[in-house]
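Participant: Please find one structure pasted underneath; my questions will follow.
The values are calculated or read from the model by the stated rules, or taken from the named source; none is laboratory data. The structure displayed is predicted, hence computed values, not measured ones. Cβ sites come from the backbone with ideal geometry, for glycine too, and all protein chains shown count toward neighbours. Surface areas here come from the heavy atoms of the whole protein model, side chains and all, with no ligands, DNA or RNA. Shrake-Rupley method; radii C 1.70, N 1.55, O 1.52, S 1.80 Å.
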Amino acid sequence: MKSPLLNLIPGDTYIHKLTGKTKVRTFVILLIYIIMSFDLRLLLPLFIAGIIGLVSLRPEWKTLRYFFIVVAAVNLLNIVLFWLVNPDIGTFWCGGSRTVLISFTKKLFISLETLWYLSIRFFKMITSFLISMVFILSITPSELAAGLYSIKVPYKICTIFSIAFRYIPDIGRDYENIKISMQARGVELDPKKVPLIDRIKQNVLILVPLIITSFDRVGNISNAMDLRGYGRGKTRTYYSEHEEGRADKIFKVFYMGLLVFSAIWIVSRIISPPPSKMWYPFS
Amino acid sequence: MKSTSQKILGVWNTKTVVAVAIGAALFGVLMNYGGIPVFTNTKLTTAMIIPVIVGAMFGALPAAIACAVGNLIADLIGGWGYWFDWSIGNGVLGFIVGLLPLYGANIDEGIFKPVHAIIYAVACVIGNALAFGVITPIMTTLFYGGELEVTFLQAMAAGLSNTLVLVVIGIPILIILARRNARSTDLKLEEKEEQNI
(Lines give C-alpha, C1' and ligand atoms only; values in the text may rest on other atoms or scores of the structure.)
Protein backbone atom coordinates (compact mmCIF):
# COMPACT_ATOMS: atom_id res chain seq x y z
CA MET A 1 0.00 0.00 0.00
CA LYS A 2 1.43 3.30 -1.01
CA SER A 3 0.65 5.93 1.53
CA PRO A 4 -0.80 8.93 -0.24
CA LEU A 5 -0.39 11.19 2.78
CA LEU A 6 3.17 11.01 3.97
CA ASN A 7 5.75 12.20 1.52
CA LEU A 8 9.41 11.40 1.73
CA ILE A 9 10.64 13.63 -1.07
CA PRO A 10 10.33 17.40 -0.75
CA GLY A 11 7.79 18.86 -3.14
CA ASP A 12 8.10 22.04 -5.17
CA THR A 13 5.20 24.28 -4.16
CA TYR A 14 5.50 27.43 -2.07
CA ILE A 15 4.75 25.75 1.26
CA HIS A 16 6.85 22.67 0.47
CA LYS A 17 9.89 24.88 -0.02
CA LEU A 18 9.79 26.35 3.48
CA THR A 19 12.37 25.05 5.95
CA GLY A 20 11.37 22.42 8.48
CA LYS A 21 11.94 24.98 11.18
CA THR A 22 9.32 27.33 9.77
CA LYS A 23 6.81 24.55 9.19
CA VAL A 24 7.07 23.09 12.67
CA ARG A 25 7.04 26.45 14.44
CA THR A 26 4.07 27.70 12.47
CA PHE A 27 2.23 24.46 13.13
CA VAL A 28 2.90 24.50 16.88
CA ILE A 29 1.73 28.10 17.19
CA LEU A 30 -1.36 27.37 15.09
CA LEU A 31 -2.14 24.48 17.41
CA ILE A 32 -2.05 26.78 20.42
CA TYR A 33 -4.24 29.18 18.49
CA ILE A 34 -6.80 26.50 17.62
CA ILE A 35 -6.95 25.08 21.13
CA MET A 36 -7.40 28.46 22.78
CA SER A 37 -10.12 29.70 20.42
CA PHE A 38 -13.66 28.49 20.80
CA ASP A 39 -14.71 31.39 18.70
CA LEU A 40 -16.00 31.51 15.16
CA ARG A 41 -14.37 34.89 14.55
CA LEU A 42 -10.94 33.39 15.23
CA LEU A 43 -11.51 30.07 13.53
CA LEU A 44 -12.97 31.31 10.27
CA PRO A 45 -9.82 33.11 8.99
CA LEU A 46 -7.74 30.06 9.83
CA PHE A 47 -10.22 27.80 8.06
CA ILE A 48 -9.94 29.91 4.90
CA ALA A 49 -6.15 30.02 5.22
CA GLY A 50 -6.15 26.23 5.65
CA ILE A 51 -8.14 25.73 2.46
CA ILE A 52 -5.83 28.06 0.53
CA GLY A 53 -2.83 26.18 1.93
CA LEU A 54 -4.28 22.81 1.03
CA VAL A 55 -5.12 23.87 -2.53
CA SER A 56 -1.66 25.35 -3.02
CA LEU A 57 -0.08 21.99 -2.13
CA ARG A 58 -1.82 20.33 -5.10
CA PRO A 59 -2.63 17.10 -3.23
CA GLU A 60 -4.30 13.97 -4.57
CA TRP A 61 -7.91 14.93 -4.01
CA LYS A 62 -9.23 11.44 -4.47
CA THR A 63 -7.56 10.05 -1.36
CA LEU A 64 -8.03 13.24 0.60
CA ARG A 65 -11.74 13.15 -0.03
CA TYR A 66 -11.91 9.75 1.62
CA PHE A 67 -10.07 11.05 4.69
CA PHE A 68 -12.33 14.07 4.96
CA ILE A 69 -15.46 11.95 4.74
CA VAL A 70 -14.19 9.64 7.49
CA VAL A 71 -13.22 12.57 9.71
CA ALA A 72 -16.54 14.32 9.18
CA ALA A 73 -18.42 11.11 9.97
CA VAL A 74 -16.41 10.42 13.14
CA ASN A 75 -16.86 13.97 14.37
CA LEU A 76 -20.58 13.95 13.64
CA LEU A 77 -20.92 10.76 15.64
CA ASN A 78 -18.96 12.36 18.48
CA ILE A 79 -21.21 15.37 18.43
CA VAL A 80 -24.37 13.29 18.59
CA LEU A 81 -22.94 11.41 21.56
CA PHE A 82 -22.00 14.71 23.17
CA TRP A 83 -25.53 15.91 22.76
CA LEU A 84 -26.93 12.69 24.24
CA VAL A 85 -24.71 12.99 27.31
CA ASN A 86 -25.74 16.54 28.02
CA PRO A 87 -28.34 18.23 25.79
CA ASP A 88 -28.00 21.35 27.92
CA ILE A 89 -24.25 21.78 27.35
CA GLY A 90 -24.74 24.95 25.29
CA THR A 91 -26.22 26.81 28.24
CA PHE A 92 -22.97 26.41 30.13
CA TRP A 93 -20.90 27.63 27.19
CA CYS A 94 -23.06 30.43 25.89
CA GLY A 95 -23.74 32.29 29.12
CA GLY A 96 -26.78 30.87 30.82
CA SER A 97 -29.63 31.37 28.38
CA ARG A 98 -31.63 28.48 27.01
CA THR A 99 -33.74 28.73 23.88
CA VAL A 100 -35.39 25.40 23.27
CA LEU A 101 -36.15 24.75 19.62
CA ILE A 102 -37.41 21.19 19.65
CA SER A 103 -38.02 19.10 22.74
CA PHE A 104 -38.43 15.35 22.55
CA THR A 105 -38.77 14.61 26.24
CA LYS A 106 -38.09 16.68 29.33
CA LYS A 107 -34.39 15.85 29.36
CA LEU A 108 -33.84 15.46 25.64
CA PHE A 109 -34.16 18.69 23.71
CA ILE A 110 -32.34 20.76 21.12
CA SER A 111 -31.62 24.27 22.20
CA LEU A 112 -30.17 27.02 20.05
CA GLU A 113 -27.17 27.33 22.38
CA THR A 114 -26.35 23.64 22.23
CA LEU A 115 -26.72 23.67 18.47
CA TRP A 116 -24.36 26.64 18.27
CA TYR A 117 -21.83 25.09 20.63
CA LEU A 118 -21.81 21.75 18.86
CA SER A 119 -21.52 23.26 15.41
CA ILE A 120 -18.61 25.45 16.52
CA ARG A 121 -17.02 22.36 18.00
CA PHE A 122 -17.45 20.52 14.72
CA PHE A 123 -16.06 23.48 12.82
CA LYS A 124 -13.08 23.59 15.17
CA MET A 125 -12.29 19.92 14.62
CA ILE A 126 -12.54 20.30 10.85
CA THR A 127 -10.28 23.36 10.96
CA SER A 128 -7.69 21.58 13.05
CA PHE A 129 -7.82 18.60 10.70
CA LEU A 130 -7.34 20.93 7.74
CA ILE A 131 -4.27 22.45 9.37
CA SER A 132 -2.77 19.08 10.23
CA MET A 133 -3.40 17.89 6.67
CA VAL A 134 -1.49 20.89 5.31
CA PHE A 135 1.27 20.16 7.81
CA ILE A 136 1.52 16.43 7.05
CA LEU A 137 1.33 16.92 3.29
CA SER A 138 4.02 19.56 3.29
CA ILE A 139 6.60 18.04 5.60
CA THR A 140 9.07 15.17 5.23
CA PRO A 141 10.22 13.10 8.23
CA SER A 142 13.71 14.65 8.28
CA GLU A 143 12.28 18.14 8.09
CA LEU A 144 10.03 17.27 11.01
CA ALA A 145 13.04 16.18 13.06
CA ALA A 146 14.96 19.31 12.08
CA GLY A 147 12.01 21.53 12.92
CA LEU A 148 11.48 19.93 16.31
CA TYR A 149 15.18 20.27 17.04
CA SER A 150 14.90 23.98 16.33
CA ILE A 151 12.36 24.32 19.16
CA LYS A 152 14.85 22.75 21.57
CA VAL A 153 13.45 19.22 21.66
CA PRO A 154 16.26 16.75 22.52
CA TYR A 155 17.45 15.21 19.26
CA LYS A 156 16.76 11.63 20.29
CA ILE A 157 13.10 12.58 20.66
CA CYS A 158 13.25 14.27 17.24
CA THR A 159 14.59 11.04 15.80
CA ILE A 160 11.72 9.14 17.42
CA PHE A 161 9.25 11.43 15.66
CA SER A 162 10.93 11.18 12.29
CA ILE A 163 11.38 7.41 12.36
CA ALA A 164 7.81 6.94 13.54
CA PHE A 165 6.57 9.09 10.67
CA ARG A 166 8.75 7.29 8.21
CA TYR A 167 7.55 3.93 9.50
CA ILE A 168 3.81 4.47 9.12
CA PRO A 169 3.68 3.56 5.39
CA ASP A 170 5.70 0.42 6.17
CA ILE A 171 3.09 -0.64 8.70
CA GLY A 172 0.42 -0.26 6.03
CA ARG A 173 2.45 -2.40 3.64
CA ASP A 174 3.16 -5.10 6.23
CA TYR A 175 -0.48 -5.17 7.24
CA GLU A 176 -1.57 -5.72 3.64
CA ASN A 177 0.99 -8.49 3.17
CA ILE A 178 -0.03 -10.29 6.34
CA LYS A 179 -3.69 -9.94 5.45
CA ILE A 180 -3.17 -11.38 1.99
CA SER A 181 -1.15 -14.30 3.29
CA MET A 182 -3.79 -15.01 5.93
CA GLN A 183 -6.46 -14.98 3.26
CA ALA A 184 -4.35 -17.33 1.19
CA ARG A 185 -4.46 -19.73 4.12
CA GLY A 186 -8.23 -19.54 4.13
CA VAL A 187 -9.01 -16.97 6.82
CA GLU A 188 -12.11 -15.01 5.88
CA LEU A 189 -11.57 -11.29 6.47
CA ASP A 190 -14.37 -9.78 4.45
CA PRO A 191 -16.36 -7.47 6.74
CA LYS A 192 -19.59 -8.40 5.01
CA LYS A 193 -19.25 -12.13 5.61
CA VAL A 194 -17.79 -12.33 9.11
CA PRO A 195 -19.53 -11.32 12.35
CA LEU A 196 -17.95 -8.64 14.52
CA ILE A 197 -16.58 -10.93 17.25
CA ASP A 198 -14.72 -13.06 14.71
CA ARG A 199 -13.36 -9.96 13.07
CA ILE A 200 -11.87 -8.75 16.36
CA LYS A 201 -10.27 -12.15 16.83
CA GLN A 202 -8.81 -12.04 13.32
CA ASN A 203 -7.51 -8.53 13.85
CA VAL A 204 -5.61 -9.80 16.86
CA LEU A 205 -4.29 -12.62 14.73
CA ILE A 206 -2.93 -10.08 12.26
CA LEU A 207 -1.58 -7.97 15.10
CA VAL A 208 0.80 -10.60 16.44
CA PRO A 209 2.88 -11.04 13.26
CA LEU A 210 2.69 -7.30 12.62
CA ILE A 211 4.20 -6.54 16.02
CA ILE A 212 6.81 -9.26 15.73
CA THR A 213 8.02 -8.22 12.26
CA SER A 214 8.07 -4.57 13.30
CA PHE A 215 10.14 -5.14 16.40
CA ASP A 216 12.40 -7.59 14.58
CA ARG A 217 13.34 -4.71 12.33
CA VAL A 218 14.57 -2.65 15.29
CA GLY A 219 17.92 -4.46 15.26
CA ASN A 220 18.54 -3.78 11.57
CA ILE A 221 17.62 -0.13 11.72
CA SER A 222 19.56 0.59 14.88
CA ASN A 223 22.65 -1.22 13.59
CA ALA A 224 22.51 0.80 10.40
CA MET A 225 22.22 3.99 12.43
CA ASP A 226 25.06 2.99 14.76
CA LEU A 227 27.28 2.25 11.78
CA ARG A 228 26.68 5.78 10.54
CA GLY A 229 27.69 7.15 13.93
CA TYR A 230 24.28 8.05 15.29
CA GLY A 231 24.24 9.30 18.87
CA ARG A 232 27.95 10.10 19.21
CA GLY A 233 27.70 13.84 19.40
CA LYS A 234 25.78 15.99 21.83
CA THR A 235 24.20 18.12 19.14
CA ARG A 236 23.06 17.39 15.65
CA THR A 237 22.68 19.18 12.37
CA TYR A 238 20.23 18.25 9.66
CA TYR A 239 20.95 17.70 6.02
CA SER A 240 17.38 18.49 5.03
CA GLU A 241 17.56 21.95 6.58
CA HIS A 242 18.40 24.56 3.96
CA GLU A 243 18.97 28.29 4.17
CA GLU A 244 15.99 30.44 5.02
CA GLY A 245 14.45 32.05 1.98
CA ARG A 246 12.19 35.04 1.58
CA ALA A 247 9.08 32.96 2.27
CA ASP A 248 10.55 31.82 5.56
CA LYS A 249 11.04 35.40 6.64
CA ILE A 250 7.46 36.28 5.77
CA PHE A 251 6.25 33.28 7.74
CA LYS A 252 8.48 34.24 10.65
CA VAL A 253 6.81 37.64 10.95
CA PHE A 254 3.44 35.91 10.68
CA TYR A 255 4.00 33.27 13.34
CA MET A 256 5.69 35.65 15.76
CA GLY A 257 2.72 38.00 15.45
CA LEU A 258 0.33 35.12 15.99
CA LEU A 259 2.26 33.97 19.05
CA VAL A 260 2.06 37.42 20.62
CA PHE A 261 -1.63 37.63 19.78
CA SER A 262 -2.31 34.19 21.31
CA ALA A 263 -0.40 35.07 24.47
CA ILE A 264 -2.32 38.34 24.88
CA TRP A 265 -5.62 36.57 24.19
CA ILE A 266 -4.99 33.82 26.76
CA VAL A 267 -3.73 36.22 29.44
CA SER A 268 -6.61 38.65 28.92
CA ARG A 269 -9.09 35.78 29.22
CA ILE A 270 -7.54 34.71 32.52
CA ILE A 271 -7.43 38.24 33.94
CA SER A 272 -10.93 39.29 32.93
CA PRO A 273 -13.07 36.30 31.93
CA PRO A 274 -15.80 37.30 29.45
CA PRO A 275 -19.44 36.81 30.53
CA SER A 276 -19.93 33.74 28.36
CA LYS A 277 -17.28 31.13 27.69
CA MET A 278 -17.63 31.41 23.92
CA TRP A 279 -18.72 34.04 21.43
CA TYR A 280 -22.46 33.76 20.97
CA PRO A 281 -24.15 36.28 18.72
CA PHE A 282 -27.81 35.54 19.53
CA SER A 283 -27.89 36.29 23.26
CA MET B 1 22.07 -7.24 34.86
CA LYS B 2 20.36 -3.93 34.40
CA SER B 3 20.03 -1.78 37.47
CA THR B 4 16.63 -0.71 38.76
CA SER B 5 16.95 2.80 37.41
CA GLN B 6 17.80 1.39 34.01
CA LYS B 7 14.72 -0.80 34.15
CA ILE B 8 12.59 2.27 34.76
CA LEU B 9 14.32 4.92 32.66
CA GLY B 10 15.59 2.61 29.95
CA VAL B 11 19.01 2.66 28.34
CA TRP B 12 18.88 5.41 25.77
CA ASN B 13 21.00 3.89 23.04
CA THR B 14 20.14 3.76 19.35
CA LYS B 15 18.20 0.54 19.74
CA THR B 16 15.84 2.06 22.28
CA VAL B 17 15.31 5.15 20.13
CA VAL B 18 14.35 3.02 17.13
CA ALA B 19 12.13 0.70 19.18
CA VAL B 20 10.29 3.63 20.74
CA ALA B 21 9.82 5.18 17.32
CA ILE B 22 8.41 2.00 15.81
CA GLY B 23 6.25 1.51 18.88
CA ALA B 24 4.91 5.04 18.52
CA ALA B 25 4.14 4.51 14.83
CA LEU B 26 2.31 1.25 15.56
CA PHE B 27 0.43 2.92 18.40
CA GLY B 28 -0.63 5.80 16.17
CA VAL B 29 -1.82 3.56 13.36
CA LEU B 30 -3.61 1.06 15.58
CA MET B 31 -5.30 3.88 17.45
CA ASN B 32 -6.81 5.01 14.16
CA TYR B 33 -7.51 1.83 12.31
CA GLY B 34 -7.39 -0.95 14.88
CA GLY B 35 -10.35 -0.08 17.02
CA ILE B 36 -14.07 -0.07 17.50
CA PRO B 37 -15.62 3.15 18.85
CA VAL B 38 -17.21 2.82 22.28
CA PHE B 39 -17.81 6.44 23.15
CA THR B 40 -16.90 9.95 21.97
CA ASN B 41 -13.25 9.89 20.96
CA THR B 42 -12.81 6.58 22.74
CA LYS B 43 -12.15 3.28 21.12
CA LEU B 44 -11.77 -0.30 22.14
CA THR B 45 -8.33 -0.20 20.65
CA THR B 46 -5.61 -2.75 20.32
CA ALA B 47 -3.04 0.06 20.40
CA MET B 48 -2.58 -0.28 24.14
CA ILE B 49 -0.62 -3.48 23.58
CA ILE B 50 2.33 -1.54 22.20
CA PRO B 51 3.51 0.19 25.39
CA VAL B 52 3.39 -3.14 27.17
CA ILE B 53 5.76 -4.67 24.65
CA VAL B 54 8.06 -1.64 24.55
CA GLY B 55 8.02 -1.57 28.34
CA ALA B 56 8.78 -5.25 28.62
CA MET B 57 11.78 -4.95 26.35
CA PHE B 58 13.17 -1.49 27.08
CA GLY B 59 11.76 -0.17 30.35
CA ALA B 60 8.97 2.06 31.56
CA LEU B 61 10.05 5.50 30.36
CA PRO B 62 10.48 4.36 26.73
CA ALA B 63 6.99 2.85 26.99
CA ALA B 64 5.62 6.15 28.27
CA ILE B 65 7.27 8.11 25.47
CA ALA B 66 6.12 5.64 22.83
CA CYS B 67 2.61 6.00 24.17
CA ALA B 68 2.63 9.79 24.31
CA VAL B 69 4.26 10.27 20.89
CA GLY B 70 1.97 7.61 19.47
CA ASN B 71 -1.05 9.47 20.75
CA LEU B 72 0.22 12.71 19.18
CA ILE B 73 0.66 10.93 15.84
CA ALA B 74 -2.80 9.42 16.17
CA ASP B 75 -4.21 12.89 16.78
CA LEU B 76 -2.32 14.21 13.77
CA ILE B 77 -3.67 11.65 11.32
CA GLY B 78 -6.98 11.04 13.07
CA GLY B 79 -8.65 14.40 12.63
CA TRP B 80 -10.54 14.57 15.92
CA GLY B 81 -8.56 17.55 17.16
CA TYR B 82 -5.64 17.70 19.53
CA TRP B 83 -6.01 16.42 23.05
CA PHE B 84 -2.74 16.82 24.88
CA ASP B 85 -4.41 15.91 28.14
CA TRP B 86 -4.98 12.47 26.69
CA SER B 87 -1.44 12.21 25.39
CA ILE B 88 -0.16 12.84 28.88
CA GLY B 89 -2.69 10.45 30.38
CA ASN B 90 -1.65 7.77 27.92
CA GLY B 91 1.99 8.49 28.72
CA VAL B 92 1.33 7.86 32.42
CA LEU B 93 -0.55 4.68 31.61
CA GLY B 94 2.30 3.57 29.33
CA PHE B 95 4.73 4.17 32.17
CA ILE B 96 2.75 2.04 34.61
CA VAL B 97 2.02 -0.88 32.29
CA GLY B 98 5.61 -0.68 31.10
CA LEU B 99 6.95 -1.45 34.55
CA LEU B 100 7.06 -5.18 33.67
CA PRO B 101 10.84 -5.62 34.07
CA LEU B 102 10.65 -4.12 37.55
CA TYR B 103 8.78 -7.08 38.97
CA GLY B 104 10.84 -9.71 37.25
CA ALA B 105 9.09 -10.41 33.96
CA ASN B 106 11.68 -10.48 31.21
CA ILE B 107 10.27 -10.95 27.75
CA ASP B 108 13.70 -10.82 26.13
CA GLU B 109 14.76 -13.92 28.03
CA GLY B 110 11.41 -15.59 27.94
CA ILE B 111 10.41 -15.14 31.57
CA PHE B 112 6.70 -14.51 32.01
CA LYS B 113 5.13 -16.56 34.78
CA PRO B 114 1.50 -16.59 36.01
CA VAL B 115 2.58 -14.43 38.99
CA HIS B 116 3.76 -11.77 36.57
CA ALA B 117 0.49 -11.98 34.70
CA ILE B 118 -1.42 -11.29 37.91
CA ILE B 119 0.80 -8.37 38.93
CA TYR B 120 0.51 -7.07 35.38
CA ALA B 121 -3.29 -7.23 35.46
CA VAL B 122 -3.36 -5.34 38.76
CA ALA B 123 -0.94 -2.77 37.35
CA CYS B 124 -3.24 -2.29 34.35
CA VAL B 125 -6.23 -1.55 36.56
CA ILE B 126 -4.28 0.84 38.79
CA GLY B 127 -2.63 2.48 35.81
CA ASN B 128 -5.92 3.11 34.06
CA ALA B 129 -7.53 4.46 37.21
CA LEU B 130 -4.61 6.82 37.84
CA ALA B 131 -4.08 7.91 34.24
CA PHE B 132 -7.66 8.49 33.22
CA GLY B 133 -9.30 9.03 36.60
CA VAL B 134 -6.79 11.55 37.95
CA ILE B 135 -4.19 12.79 35.49
CA THR B 136 -6.33 13.33 32.39
CA PRO B 137 -9.13 15.30 34.14
CA ILE B 138 -6.52 17.51 35.84
CA MET B 139 -4.84 18.19 32.52
CA THR B 140 -8.20 18.79 30.87
CA THR B 141 -9.03 21.55 33.32
CA LEU B 142 -5.56 23.01 32.95
CA PHE B 143 -5.45 23.05 29.16
CA TYR B 144 -9.00 23.34 27.98
CA GLY B 145 -10.99 24.47 30.98
CA GLY B 146 -14.28 22.71 31.56
CA GLU B 147 -15.76 19.83 29.59
CA LEU B 148 -15.08 17.79 32.70
CA GLU B 149 -18.35 15.95 32.58
CA VAL B 150 -17.64 14.53 29.18
CA THR B 151 -14.01 13.90 30.03
CA PHE B 152 -15.00 11.81 33.03
CA LEU B 153 -17.38 9.71 30.96
CA GLN B 154 -14.76 9.36 28.23
CA ALA B 155 -12.15 8.50 30.82
CA MET B 156 -14.35 5.81 32.28
CA ALA B 157 -15.06 4.32 28.85
CA ALA B 158 -11.38 4.53 27.91
CA GLY B 159 -10.23 3.06 31.20
CA LEU B 160 -12.62 0.13 30.99
CA SER B 161 -11.91 -0.67 27.35
CA ASN B 162 -8.16 -0.27 27.86
CA THR B 163 -8.15 -2.60 30.85
CA LEU B 164 -10.12 -5.12 28.84
CA VAL B 165 -7.71 -4.98 25.92
CA LEU B 166 -4.62 -4.95 28.12
CA VAL B 167 -5.68 -8.01 30.04
CA VAL B 168 -7.56 -10.05 27.47
CA ILE B 169 -5.20 -9.49 24.53
CA GLY B 170 -2.09 -8.33 26.37
CA ILE B 171 -1.42 -11.42 28.46
CA PRO B 172 -1.66 -13.90 25.55
CA ILE B 173 0.64 -11.70 23.43
CA LEU B 174 3.15 -11.44 26.26
CA ILE B 175 3.09 -15.22 26.65
CA ILE B 176 3.59 -15.71 22.91
CA LEU B 177 6.48 -13.24 22.83
CA ALA B 178 8.07 -14.76 25.92
CA ARG B 179 7.81 -18.26 24.51
CA ARG B 180 9.26 -17.04 21.24
CA ASN B 181 12.27 -15.50 22.97
CA ALA B 182 12.71 -18.39 25.40
CA ARG B 183 14.54 -20.37 22.73
CA SER B 184 17.63 -18.26 23.11
CA THR B 185 17.82 -18.44 26.90
CA ASP B 186 20.78 -20.81 26.89
CA LEU B 187 22.90 -18.24 25.13
CA LYS B 188 24.45 -15.62 27.34
CA LEU B 189 25.20 -12.21 25.93
CA GLU B 190 28.41 -10.75 27.23
CA GLU B 191 27.62 -7.57 29.06
CA LYS B 192 28.87 -4.85 26.83
CA GLU B 193 29.58 -1.28 27.78
CA GLU B 194 26.37 0.53 27.23
CA GLN B 195 26.43 4.15 26.42
CA ASN B 196 24.34 6.30 28.68
CA ILE B 197 23.34 9.68 27.39
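Participant: Just to confirm a number: summing +1 for Lys and Arg and -1 for Asp and Glu over residues other than A:K179 whose beta-carbon lies under 13 angstrom from that of A:K179, what do you get?
Facilitator: -1
Participant: Once you treat every alpha carbon in the protein assembly as shown as an equal point and sum by Debye, what is log10 I(q)/I(0) at q = 0.07, 0.08, 0.13 Å⁻¹?
Facilitator: Evaluating at q = 0.07, 0.08, 0.13 Å⁻¹ gives log10 I(q)/I(0) of -0.39, -0.52, -1.34.
Participant: Which one of A:S214, A:G172, A:Y155 has its Cα pushed farthest toward the positive end of the charge dipole of region A:153-239, where Lys and Arg give +1 and Asp and Glu give -1 at the Cβ?
Facilitator: A:Y155
Participant: Work out the mean other chain Cβ neighbour count within 10 Å for the residues of A:205-213 and drop it here as an integer.
Facilitator: Mean shielding by partner chains, rounded to a whole number: 4.
Participant: Now for a different question. What order, most packed first, do the peptides A:256-263, A:207-214, A:129-136 have when packing is the mean number of other Cβ atoms within 10 Å of each residue?
Facilitator: Ranked by mean Cβ neighbours within 10 Å, highest first: A:129-136, A:207-214, A:256-263.
Participant: Using Cα centres only, tell me the gap between region A:8-26 and region A:248-273 in whole Å.
Facilitator: 22 Å
Participant: If you count, for every residue in A:131-141, the Cβ atoms of partner chains within 10 Å of its Cβ, what is the mean?
Facilitator: 1
Participant: Compute the normalised compactness of region A:153-239: alpha-carbon radius of gyration over 2.2 N^0.38 Å, N being the residue count.
Facilitator: With N residues counted in region A:153-239, Rg over 2.2 N^0.38 Å equals 1.50.
Participant: Given the rule -39500 (n - 2.57) for each run of at least 4 DSSP H residues, summed and divided by the residues of the protein assembly as shown, what is its mean residue ellipticity at 222 nm, to the nearest 500 deg cm²/dmol?
Facilitator: So the helix-based figure for the protein assembly as shown works out to -22500 deg cm²/dmol.
Participant: Continuing with this model, one more query. If packing is taken as the mean number of other Cβ atoms within 10 Å per residue, what is the order of B:169-175, A:233-239, B:116-122, highest first?
Facilitator: Final packing ranking: B:169-175, B:116-122, A:233-239.
Participant: Turning to a different aspect of this structure: With only alpha-carbon pairs counted, each pair once and no self-pairs, how large is the Kirkwood hydrodynamic radius of chain A in angstroms?
Facilitator: Here the Kirkwood hydrodynamic radius works out to 22.5 Å.
Participant: Next up: For q = 0.19 Å⁻¹, what log10 I(q)/I(0) does region B:4-184 give under the Debye formula with an equal point scatterer on each alpha carbon and no solvent?
Facilitator: Each listed q maps to, in turn, -1.24.
Participant: For region A:107-216, what does the alpha-carbon gyration tensor say about shape, rounded, prolate or oblate, given a ≥ b ≥ c as the root eigenvalues, a/c under 1.5 as rounded, and a/b over b/c as prolate?
Facilitator: Taking the square roots of the gyration eigenvalues as a ≥ b ≥ c, region A:107-216 is oblate.
Participant: Scan chain A and note any complete DSSP helix (H) whose C-alpha atoms cover at least 20 Å along its axis and whose Kyte-Doolittle average is -0.5 or more.
Facilitator: Long hydrophobic helices here: A:20-36, A:40-56, A:61-85, A:112-138, A:155-184, A:196-227, A:246-271.
Participant: Considering only Cα-Cα distances, which of the following residue pairs are longer than 25 Å: A:K156/B:K7; A:K156/A:K249; A:K23/A:K152?
Facilitator: A:K156/A:K249
Participant: Which of the listed residues, A:S240, A:F254, A:I266, is farthest toward the dipole's positive end in region A:147-283, when Lys, Arg count +1 and Asp, Glu count -1 at the beta-carbon?
Facilitator: A:I266
Participant: Please compute, for peptide A:68-81, the average count of beta-carbon atoms on other protein chains lying within 10 Å of each residue's beta-carbon.
Facilitator: 3
Participant: Would you mind getting me the FRET efficiency between A:I51 and A:L205? Use the beta-carbon distance for r and R0 = 41 Å, nearest 0.05.
Facilitator: 0.45
Participant: Using the per-residue mean of other Cβ atoms lying within 10 Å as a proxy for protection, in what order, highest first, do the peptides A:17-23, A:74-80, B:3-9 fall?
Facilitator: Put in order of decreasing packing, that is A:17-23, A:74-80, B:3-9.
Participant: Can you list which of the GluC sites (Glu not before Pro) found in region A:122-214 are DSSP loop residues with at most 14 other C-beta atoms within 10 Å?
Facilitator: Passing both the DSSP loop test and the Cβ count: A:E188.
Participant: For region B:5-29, which residues drop by 30 square angstrom or more in accessible area between the chain on its own and all protein chains together (1.4 Å probe)?
Facilitator: B:W12, B:T14, B:K15, B:V17, B:V18, B:A21, B:I22, B:A25, B:L26, B:V29
Participant: Using a 1.4 angstrom probe with every protein chain in place, what is the largest-first accessible-area order of A:E113, A:E241, A:E60?
Facilitator: So the residues, ranked largest to smallest area, are A:E60, A:E241, A:E113.
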